[in-house]
Amino acid sequence: TMRYICYLKRNIVFIPTSAQIGVGHYRDVEPVAVVPVADVDRLRRSLREVVTRGNPSAPPLTRNNRPPPVVLKHAGAKTWSAFARGTRPWQIDEQNGNYRIIGMRDSSGGGWEEDPQQTTIFPLGTPLNTVVDCMVEILRAAAKNSNTTT
């Protein structure tokens with residue numbers, strides 16, 4: 001499975017590269033695109049670029065080798081909890097040509113979990129541009145419909 005994530009915070013979309021650190025495990029790495037949600041063309045281009053880049057492999061982090069999450073410096077946040085507050089994440093997953101967009105919701109145990117009510121499953125063979133266009137519309141609607149200013 002290929003996995004990509006984007007975060008919407010204060011009408012800005014943060015799109016890190018998702019590196020694979022083991023089967024089913026990913027972490028955000030550079031490069032990170034930072035795009036205003038209103039800049040539709042750049043947002044489309046950045047989403048296409050991150051998917052085209054794929055999931056490079058990266059070594060797993062150890063307890064002694066754990067740098068701060070890469071998106072923090074791009075968001076001007078000092079801690080993950082400060083960044084996460086008011087942030088809406090989505091994933092784009094691709095497996096054997098099947099794409100899904102998965103909206104995340106706050107988890108009762110902290111962090112985020114997949115929200116089946118915010119999941120879009122595309123038919124086999126759906127072109128990447130169609131998935132990207134859908135993701136852009138979801139991000140624009142979320143920015144318009146919710147207060148992402150915290």
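The values are calculated or read from the model by the stated rules, or taken from the named source; none is laboratory data. In this text the structure is predicted, and so the values were computed from the model without any measurement. Ideal geometry is used to build each Cβ from the backbone, glycine not excepted, and the neighbour counts take in all protein chains shown. These area figures cover heavy atoms from the full protein model, side chains too; ligands, DNA and RNA do not enter into them. Shrake-Rupley method; radii C 1.70, N 1.55, O 1.52, S 1.80 Å.
Between residue 37 and 12, 13, the built amide H atoms are under 5 Å apart, and every one of these is 5 or more places off in sequence or on another chain.
How much area per residue is accessible in the chain when the probe is 1.4 Å and only protein heavy atoms are counted (Å²)? Spell out each step's value before the answer.
Working: 8290 Å² over 150 residues.
That works out to 55 Å² per residue.
Prolate is the label for the stretch 59-142, because a/c, from the alpha-carbon gyration tensor with a ≥ b ≥ c as root eigenvalues, is 1.5 or above and a/b exceeds b/c. Mind running the shape call on the chain? Use the C-alpha gyration tensor, a ≥ b ≥ c as the square roots of the eigenvalues: rounded below 1.5 for a/c, prolate if a/b tops b/c, oblate otherwise. Judged from the Cα gyration tensor, the chain comes out rounded (a/c under 1.5).
Of all the accessible heavy-atom surface of the stretch 1-133, with the other protein chains kept in place and a 1.4 Å probe, what percent is carbon and sulfur? On the stretch 1-133, the fraction of accessible area on carbon and sulfur atoms equals 50 percent. Inter-label distance, residue 21 to residue 34: 2.2 nm, where each label sits 7 Å from its Cα along the C-beta direction.
A crude spin-label estimate for the pair residue 65 and residue 117, with each label 7 Å from Cα along the Cβ direction, gives 4.2 nm. Straight-line cross-link reach from residue 144 at under 19 Å between alpha-carbon atoms covers these aspartates and glutamates, not counting any fewer than eight positions away in the same chain: 39, 41, 133. For the pair residue 57 and residue 96 in one chain, pulling the backbone fully straight at 0.36 nm per residue adds 12.2 nm over the alpha carbon distance.
Taking the Cα centre of the stretch 63-107 as origin and assigning +1 to Lys and Arg Cβ atoms and -1 to Asp and Glu Cβ atoms, the resulting dipole is close to 300 debye.
Backbone geometry of the stretch 112-121 corresponds, through the Karplus equation with coefficients 6.51, -1.76 and 1.60 at θ = phi - 60°, to 3J(HN,Hα) couplings of 10, 9, 4, 10, x, 6, 10, 10, 10, 10 Hz, x marking Gly and Pro.
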